[in-house]
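Single-structure report; data block below.
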Amino acid sequence: MDEVRAGTVSRLRLATLECDSFELAAKLTFLTPLFSPVGDWYIRPLILCLSAAGLLVPDLWRSRWLWTLLALLTTLRVWQDWILADNHAYLLAYCCLACAISAWLRDARVLALNARLLIGLTFAFAAWQKWASPDYPNCVFFLSTFLLDDRFEDFVVLLTSLTYEQIDLARDYLEGDYRFEPAAEALPFAIPVSFRVLSYLSMAWNLFEQTLVAVAR
Amino acid sequence: MRQGRVRKILAWLPVLALLAGTLNHFWLVSRHQLSPWLGGGFGMFSTTDVGSARPVFITAVTRSGDERPVTLREPLREVMRHARTLPDRERLAALAAATREAIGEEGSGLDPADLAALRIEVWRTRYDRDSLRPHLSRLAEKTFRSGDQDG
């Protein structure tokens, strides 16, 4: 079993080393919509088919027409979903556009330049908005999001002394309708130190790693 | 010479697109109350000013002056999400039009002939630093009278 796994890993490593940087970037980009399909009912199958073809048909990853179509479709998806499209939608469109231009110009350096700048600028804007936010550096963002966003519920209960019941109470309090009457002075329970520490560490780590990536690019 | 210049411009196009998109995001955030989470500016997870913290209140005003809150059903929630994310005139008018249509359907409990106006309010929630005490403030309010072109 271990030998099979070792063989698979070394074959993957060899295949990766044999790829040039454009081929590797192209194939990873094709994988993105395959793992996480995007778009409307009529855009999605087109993006999926083009991405699968790019992966399966030898040398199709070099095709300027394939990349142009993918760039158009991913841009169309952003336009359709606007204003609700999230950051991933924009990034996929920029990435496909960079691949298309690189393929048309037959110059992998164009892709390298764009990849570096797109990653650097994305992280720079993300980090800058966190530093400049009125409720991020003071931890209010994580304190409230950890209580309100149910994706973090288990994580918070596992790592702090908060209980599910307290999270439910906090949601009732934080999401009340306070247009006509102000909210009570504070949550119906004291915020535990462990929860404040978790929020502080999350804030500090995110600021640190995003700033670091932006500067490193 | 000219071909070289075109090549150069093309090579920078994705970065220029990202910069244009992000500048548009900052413009809409500062001038039109766009939620910093959306609009392609990479502000997700940077602020509590997310769509779900922007409650929308729709009030139907009858011809006799009575006011009744309107609750939107699922197909209209998408229109509401647009309105609370970017509460400009265009999106609030779209929400008013969709609400008016829903009131015209059976089971809404409101008589469309008796509807004088629809008031749409978008609020945002802020939290105190230490206590997390929430405060609501109004981001946008617009009243669309029956017979208005845009609502």
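Quick note: the coordinates plus some simple rules give every number you see, no bench work behind them. Please read all numbers here as calculations on a predicted model, not as lab measurements. Cβ: placed from backbone, ideal geometry, glycine included. Neighbour counts: every protein chain shown.
Shape of the stretch B:27-79 from its Cα gyration tensor (a ≥ b ≥ c, root eigenvalues): rounded if a/c is under 1.5, otherwise prolate when a/b > b/c, or oblate? In terms of gyration-tensor shape, prolate. Over the protein assembly as shown, the Kirkwood radius and the radius of gyration, each from Cα atoms, give a ratio Rg/Rh of 1.04. Can you classify chain A as rounded, prolate or oblate using the Cα gyration tensor, where a ≥ b ≥ c are the square roots of its eigenvalues, rounded means a/c under 1.5, and otherwise it's prolate if a/b beats b/c and oblate if not? Cα axes put chain A in the prolate bin. Reported to the nearest whole Å, the Cα centre-to-centre distance from the stretch B:86-121 to the stretch A:161-194 is 33.
Whole-Hz Karplus values for the stretch B:26-39 come out as 5, 4, 5, 5, 7, 9, 10, 6, 4, 5, x, 5, 10, x Hz, taken residue by residue from phi with 6.51 cos²θ - 1.76 cosθ + 1.60 and θ = phi - 60°; glycine and proline positions read x.
Pairs of C-alpha atoms in the stretch A:43-94 farther apart than 13 Å represent 57 percent of all such pairs.
The distance between label points at B:Arg73 and A:Glu209 comes to 4.4 nm (points 7 Å beyond Cα on the Cα→Cβ vector). Peptide A:80-90 has a mean of 5 when you count, residue by residue, the C-beta atoms of other protein chains within 10 Å of its C-beta.
A convex hull fitted around the alpha carbon atoms of the stretch A:135-217 yields 115 Å³ per residue.
In this structure the amide hydrogen of B:Leu139, modeled in the peptide plane, comes within under 5 Å of the amide hydrogens of B:Val122, B:Trp123, B:Arg124, none closer than 5 places in sequence on its chain. Averaged over the residues of A:105-117, the number of partner chain Cβ atoms lying within 10 Å of the residue Cβ comes to 3. Projected label points at A:Asp40 and A:Asp107, each 7 Å from Cα along the beta carbon direction, are separated by 3.6 nanometres. Per-peptide packing, taken as the mean over residues of other Cβ atoms within 10 Å, places B:84-95, A:204-215, B:25-36 in the sequence B:84-95, B:25-36, A:204-215 from highest down. Couplings for the stretch B:51-65, taken from phi via the Karplus curve 6.51 cos²θ - 1.76 cosθ + 1.60 with θ = phi - 60°, read x, 5, 9, 10, x, 10, 10, 10, 10, 8, 10, 7, 5, 7, x Hz in order; Gly and Pro are left as x. For chain B, the Kirkwood hydrodynamic radius from C-alpha pairs, put into Stokes-Einstein at 20 °C and a viscosity of 1.002 mPa s, yields a diffusion coefficient of 121 µm² per second.
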